[in-house]
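Okay, structure first, notes after.
The values are calculated or read from the model by the stated rules, or taken from the named source; none is laboratory data. All values reported here derive from a predicted model rather than from experimental measurement. Keep in mind that these areas ignore ligands, DNA and RNA; they rest on the heavy atoms of the full protein, side chains included. Shrake-Rupley method; radii C 1.70, N 1.55, O 1.52, S 1.80 Å.
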Amino acid sequence: MNIYGFQARGRLKLPLYLASIAAGFPSPADDFLDKKLDLNEHLIRHPAATFFVRVQGNSMIQAGIHSGDVLIVDRSLEPADRKIVVAVVNGELTVKRLRRKKDRTVLTAENPEYQDIEVTPEMDFDIWGVVIHVIHSV
């Protein structure tokens, strides 16, 4: 994984069309521009605690996270059960869904070809942050 810090470079407000777009059958377009949208304001809630990381691998493909995607990760959020987190396991970075079951912590893949990682006391384990958005090119 490649890790990038968040660096605010001022506001960049881009046009936001308030009309919804049909993902099914086409509908008449509304060429009505009403507001500006700053992606930093929309995607980054805690700038000092946010970083970006590029994904390598397909273990989270059923969660919509593909190899080459960029994750926006917030370190200030509580890594609760079922959240997707970036963690370090024995010195290796990984992105997985966090499962906390009674006294067990398990990192689960969202791809049946990958095994879950059960965290044991012998492991060097730390959660770096909670994934809040995925940037996926089409």
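Excluding residues fewer than 8 places away in the same chain, name every one of the aspartates and glutamates whose C-alpha is closer than 18 Å to that of LYS83.
ASP69, ASP74, ASP103, GLU110, ASP116, GLU118, ASP126
Determine the gain in length on full extension of the stretch GLU41-ARG82; use 0.36 nm per residue of separation and subtract their C-alpha separation, reporting nm with one decimal.
Residue separation times 0.36 nm, minus the Cα-Cα distance, leaves 12.2 nm.
How are the Cα pair distances of the stretch 43-138 distributed, in percent, across 10 Å bins from 0?
16, 50, 30, 4, 0
Please work out how much length the chain gains when fully extended from ASP124 to TYR4, using 0.36 nm per residue of separation minus the C-alpha to C-alpha distance, in nm with one decimal.
Gain in length upon complete extension: 40.9 nm.
Of the accessible area of the stretch 45-138, with the probe set at 1.4 angstrom, what percent is carbon plus sulfur? Intermediate values should be presented prior to the final figure.
Values: 2530 of 5460 Å².
After summing per-atom areas, the C and S share lands at 46 percent.
What whole-number value in Å² describes the accessible area per residue of the stretch 24-138 for a 1.4 Å probe?
Numbers: 7290 Å² over 115 residues.
Here the per-residue accessible area is 63 Å².
Could you give each residue of the stretch 59-70 its phi-based ³J(HN,Hα) in whole Hz, using Karplus coefficients 6.51, -1.76, 1.60 with θ = phi - 60°, and x for Gly or Pro?
6, 10, 5, 7, 9, x, 10, 10, 4, x, 5, 10
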